[in-house]
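Working notes, beginning with the structure itself.
The values are calculated or read from the model by the stated rules, or taken from the named source; none is laboratory data. What you see is a predicted model, and the numbers here were worked out from it, not measured in a lab. A quick note on method: Cβ atoms are made from the backbone with ideal geometry, for glycine too, and the neighbour counts reach across all protein chains shown.
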Amino acid sequence: MKRTFSTILFIFSLAAVAFIVRSCGIYSFSGTSIQPDVYTVNIHYFEYKALRVNPTLSNDLTEALKDQFRRLTRLEQVDEDGDLDIVGEIIGYDVKAMGITANEVAAQNRLTVNVKIYFTNNKYPEDNLEQSFSAYADFDATQSLDAVESTICEDIIDQLVEDIFNATVAQW
């Protein structure tokens, strides 16, 4: 009888803890900390303001960020008046020589993309954020940017999306 009571007490305690954690609503297993009364997000198209042009980068970055929010949050994406609002702009897209050899020739080049975001939490303004993010990828100097651009841009976009997501809803 005593063992049965202990088992029932343990199960009840475990259920109570699970209920309390779940009812808090701001924590999830995906690492986000979204308040329970936040339901929508509006992710604006990232405006391209960099001097060097990549015609697909704005669209690719915008869609990758939207996809990340679809996969890892419960938020509905809306076109206006979202509880969360993300506006971004690509402010830098630069290639620089890296790793100079003994012959003073670049061994590698680095493509760096700089993005600035304006995150507005319309329900919790203390979470608002204006922040710049930067990501890069190196490639062999014997290759042209045109030859590797699509591949390395995918890696850069993945890095930027992760950083933006973490800064806005994971609050890391």
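Please verify whether the range 68-90 includes one or more residues that are basic (Lys, Arg), crowded, with 16+ Cβ neighbours inside 10 Å, within 14 Å of the chain's Cα centre (by Cα) and within 30 Å of Ser33 (Cβ to Cβ). Quick ask: steps written out before the conclusion?
First, pick out the residues of the range 68-90 that are basic (Lys, Arg): 70-71, 74.
From what's left, crowded, with 16+ Cβ neighbours inside 10 Å: none.
Checking the range 68-90: not a single residue is basic (Lys, Arg), crowded, with 16+ Cβ neighbours inside 10 Å, within 14 Å of the chain's Cα centre (by Cα) and within 30 Å of Ser33 (Cβ to Cβ).
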Subject >> Matching residues, the range 51-93, being touching a residue at least 40 places away in the same chain (Cβ under 8 Å), touching a strand residue (DSSP E or B) at 6+ places or on another chain (Cβ under 6 Å) and hydroxyl-bearing (Ser, Thr, Tyr) >> reply: Tyr93
Original post:
All but one of (1) touching a Lys or Arg at 6+ places or on another chain (Cβ under 9 Å); (2) at pLDDT 95 or above hold for Ser134; which doesn't?
Top reply: (1)
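If we scan the range 20-38, do we find a residue that is in contact with a Leu (Cβ under 8 Å, 6 or more places away or on another chain), among the hydrophobic types (A, V, I, L, M, F, W, C) and either at pLDDT 95 or above or assigned to a loop (DSSP other than H, G, I, E, B) (or both)?
First, pick out the residues of the range 20-38 that are in contact with a Leu (Cβ under 8 Å, 6 or more places away or on another chain): 30-32, 34, 38.
After this cut, where a residue has to be among the hydrophobic types (A, V, I, L, M, F, W, C) as well, the list is 34, 38.
Checking which are either at pLDDT 95 or above or assigned to a loop (DSSP other than H, G, I, E, B) (or both) leaves us with 34, 38.
Yes - at least one qualifying residue is present in the range 20-38.
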**OP:** Please specify each residue of the range 88-129 satisfying the condition of being under 23 Å from Ile43 (Cβ atoms) and small (Gly, Ala, Ser).
**Re:** Gly88, Gly92
Original post:
So which residues in the range 114-149 are touching a residue at least 60 places away in the same chain (Cβ under 8 Å) and under 18 Å from Tyr48 (Cα atoms)?
Top reply: Asn114, Val115, Glu149
**OP:** Quick one: which residue in Ile43, Ile117 is within 16 Å of Gln159 (Cα to Cα) and modelled with pLDDT of 95 or more?
**Re:** Ile117
Original post:
Which numbered condition trips up Ile156, out of (1) among the aliphatic types (A, V, I, L, M); (2) under 18 Å from the mean Cα position of the chain (by Cα); (3) surrounded by fewer than 18 Cβ atoms within 10 Å (Cβ to Cβ)?
Top reply: (3)
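Looking at Ala167, Ala141, Ala135, Ala107 in this structure, which one is over 16 Å from Ser33 (Cβ atoms), surrounded by fewer than 16 Cβ atoms within 10 Å (Cβ to Cβ) and of a type in the set (Gly, Ala, Ser)?
Working: Ala167 fails: over 16 Å from Ser33 (Cβ atoms); Ala141 fails: surrounded by fewer than 16 Cβ atoms within 10 Å (Cβ to Cβ); Ala135 fails: surrounded by fewer than 16 Cβ atoms within 10 Å (Cβ to Cβ).
Within the list Ala167, Ala141, Ala135, Ala107, the selection yields Ala107.
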Original post:
So is Ile100 crowded, with 17+ Cβ neighbours inside 10 Å, β-branched (Val, Ile, Thr) and either modelled with pLDDT of 70 or more or on the phi > 0 side of the Ramachandran plot (or both) or not?
Top reply: no
